[in-house]
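Every read-out reported here was derived from the displayed coordinates using simple, explicitly stated rules and does not represent laboratory data. Because the structure is a prediction, the values reported are computed rather than measured. With ideal geometry, Cβ positions are generated from the backbone for all residues, glycine too; neighbour counts draw on all protein chains shown.
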């Protein structure tokens, strides 16, 4: 990490293009990545993919939060916390595979892929699941372009039976 200063880290955390052209990349418009207009726009453009609205009667929560599944801004794609399908819960390997397939689909909708992932935050309900989770992760991740990653324990994810949740950021 020679040549990287504290100022570089501060600039990167603020979204400044200290590490190449990421922050100056033109914004993409979700669902229209192939059109010329998709690459036009200002750096202040924000595109949102899959806005979720409140629903009542979910077993684990009374009302779902209003969130975007993905947000695109400044040449970056931010994904919400992604979990497995609540109707198809399995062991941590199964859930991790489901989550990673969902991440692939969200990144594709945003016009990017796992090879451009910059970071991932993983929450496991129990750290004893770490090895099994990593087996599924390692089979999926691009070994030539792995993101930085943190893995933390969260004993109570949003719904009983959920074992893993992953939030990610990628470049366009």
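Here are the numbers for this structure:
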quantity	calculated
Approximate spin-label separation residue 130-residue 154, in nm, with each point projected 7 Å along Cα-to-Cβ	1.8
Virtual spin-label span in nm between residue 85 and residue 67, 7 Å along Cα→Cβ	1.9
